[in-house]
Amino acid sequence: MVIAALAALFALPAFAQDTAGGAAAQCTADADAKAALYQSFLSNYKGNPEQQKTASQTGKDYITKYGNCPDESDKKIASFIQNWVSKYDKAVRDFACTDSFNKKDYTGTFEACRAILNADPENVDTLLLLARAGYANVTLPTPNKTRNADAARMARRAAELIESGKAPAKWDPFKSRDEALGFLYYAQGVFLSETSPTDAAAAFIKAAQSNSTFNREASTYTYLATIYETNELKKLVDEYTAAFPPGNPIPDEKKAQYDQMLAQIGKVQDRIIDAYARAAAIMNADPKADAARKKAVMNKLTGYYKARHNDSDAGLNDLVANVLSKPLMLPGQEPAPTPTPSTTTGTDGNTPKPSTQPTTTPGSKPSTPPQKPPVTKATPSAKGRAARTTSGR
């Protein structure tokens, strides 16, 4: 057995030589067919799209049949053809991706662009385009949210790559790197607002803190306020109501819990007030702002503000006028609450009346839905087209 194995081992180089010799013999024997196939490639590779398609198939046939020919001149031809075919295939993939977007087939764009990301997962241009496709989908007259999860991943990855120093071939349609990042943060918030509100809030906060026009977009803040309402305040109100049912006296041993729960509710309300005040300030400065939405935001803001200020709106106008000059109020950075004695009694003389009344009711939806995302900022048609690949010999 050992001798047989050694014999087989020593026979391998000879076999390799025979194989190489066979390839060389075939290349020589097929010289006319090989030359004709190459000439067919040369006749088409600089032509119109149909001719280039023919050249691509001819080139692949040539590589399959003669890609291993040992002659140096054959190697150069095979390398030239392979280089052109690779560029052509990439151009076809790129065109299919952008063409789908340009035709407003935003859902199909994800499938059309998949091949690009399979080959290059960090292709910033494609990730940006898919984030825009997902955003365009949710801003259609009838929003299509089927790709929101995919779009959120694309937007997040694009933002990570840009933050790390990578850049697309050009920033168009965005005016700058900062504008692209602002859009990506905002878009993530939109995509995640229903399925992952905590992540959505973090994304909207990034948009609000970015050096982009999205920090002066009213819906950045109405989205944020609504998430605070539905994701945080409602839960706290439910817990508060369960612990202290209306009309029941508060036992002394629960006064500390009572004060703590009211303080937590107040902190969330303060962030809601801050967010709605920013939206109101931006709308006040915009002569084209929708009057109905502007009124709805102001009504929400007034309700929360009065609940935090003993049913008074004194100082509200000053808040709106100056809020944009102050840092965004973040979770954990709310102002210290004003102590409210837990012995204060309500109108019935029996039930303590907290100075901070929750302004949402369990199970209710926000009466003011977030303003629709701006459609004009980041959804122009992609201008890129797959250029014809015309490499010279």
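The condition (being buried (at least 24 other Cβ atoms within 10 Å of the Cβ) and more than 18 Å from THR226 (Cα to Cα)) is satisfied by just one residue among GLY182, GLY189: GLY182. Scanning segment 321-338 for residues that are modelled with pLDDT under 95 and of a type in the set (Gly, Ala, Ser) yields GLY332, ALA336.
On the stretch given as segment 96-123, residues that are buried (at least 18 other Cβ atoms within 10 Å of the Cβ) and touching a Lys or Arg at 6+ places or on another chain (Cβ under 6 Å) total 2. Take the residues in segment 41-95 that are among the charged types (D, E, K, R) and assigned to a loop (DSSP other than H, G, I, E, B), then tell me which one is surrounded by the most Cβ atoms within 10 Å (Cβ to Cβ). My answer is LYS46.
Candidates TYR258, TYR240, TYR305: the one that is aromatic (Phe, Trp, Tyr), surrounded by 15 or more Cβ atoms within 10 Å (Cβ to Cβ) and closer than 28 Å to SER210 by Cβ is TYR305. Residues in segment 115-167 that are closer than 26 Å to GLU194 by Cβ and assigned to a loop (DSSP other than H, G, I, E, B): THR139, LEU140, PRO141, THR142, PRO143, ASN144, LYS145, THR146, ARG147. Checking each residue in segment 55-88 for being closer than 25 Å to ALA115 by Cα and without any contact (Cβ under 8 Å) to a residue 12 or more places away in the chain picks out GLN57, THR64, SER79, SER86.
Residue check: is ASN123 more than 18 Å from the chain's Cα centre (by Cα) and within 26 Å of PRO49 (Cβ to Cβ)?
Numbers: more than 18 Å from the chain's Cα centre (by Cα): no; within 26 Å of PRO49 (Cβ to Cβ): yes.
The answer is no for ASN123.
Taking the residues in segment 311-328 that are at negative phi and among the charged types (D, E, K, R) as candidates, determine which candidate is nearest to the chain's Cα centre (by Cα). Before you say what the answer is, go through the steps one by one.
The first filter runs over segment 311-328 and keeps only residues at negative phi, leaving 312-314, 316-328.
Then drop every residue that is not among the charged types (D, E, K, R), which leaves 313, 318, 326.
Values: ASP313: 38, ASP318: 35, LYS326: 27 Å.
Checked segment 311-328; the qualifying residue nearest to the chain's Cα centre (by Cα) is LYS326.
Just to check your reading of the model, which residue among GLU163, GLU194 is out of contact with any His (no Cβ under 8 Å at 6 or more places or on another chain), surrounded by fewer than 16 Cβ atoms within 10 Å (Cβ to Cβ) and under 16 Å from LYS206 (Cα atoms)? Just a single option satisfies the conditions, and that option is GLU163.
A Cβ distance below 9 Å, combined with a sequence gap of six or more or placement on separate chains, defines the contacts here; from segment 301-318, residues that are in contact (Cβ under 8 Å) with a residue 12 or more places away in the chain reach residues that are charged (D, E, K, R) in the pairs THR302/ASP313; TYR304/ASP270; TYR305/ASP313; ARG308/ASP270; LEU316/LYS306. Taken together, the residues in segment 124-141 that are touching a residue at least 60 places away in the same chain (Cβ under 8 Å) and either aliphatic (A, V, I, L, M) or surrounded by 24 or more Cβ atoms within 10 Å (Cβ to Cβ) (or both) amount to 5. Going by the conditions given, is LYS295 closer than 22 Å to PHE204 by Cβ and within 40 Å of the chain's Cα centre (by Cα)? Criteria not met by LYS295. Taking segment 263-306 as the range and being of a type in the set (D, E, K, R) and assigned to a helix (DSSP H, G or I) as the test, the residues that pass are LYS267, ASP270, ARG271, ASP274, ARG278, ARG293, LYS294, LYS295, LYS300, LYS306.
Pairs linking a residue in segment 239-251 that is more than 12 Å from LEU262 (Cα to Cα) to a residue that is in a helix (DSSP H, G or I), with Cβ atoms under 6 Å and 6 or more positions apart or on different chains, are ILE250/TYR258. Any residue at all in segment 308-320 that's crowded, with 16+ Cβ neighbours inside 10 Å, modelled with pLDDT under 95, in a helix (DSSP H, G or I) and not assigned by TED's automatic domain parsing to the domain that holds SER210? Looking through segment 308-320, at least one residue is crowded, with 16+ Cβ neighbours inside 10 Å, modelled with pLDDT under 95, in a helix (DSSP H, G or I) and not assigned by TED's automatic domain parsing to the domain that holds SER210.
Counting only residues that are closer than 17 Å to ARG132 by Cβ, not aromatic (Phe, Trp, Tyr) and not in a loop (DSSP other than H, G, I, E, B), segment 168-202 holds 12 of them.
The values are calculated or read from the model by the stated rules, or taken from the named source; none is laboratory data. What you see is a predicted model; the values in this text were computed from it and never measured. Cβ: placed from backbone, ideal geometry, glycine included. Neighbour counts: every protein chain shown.
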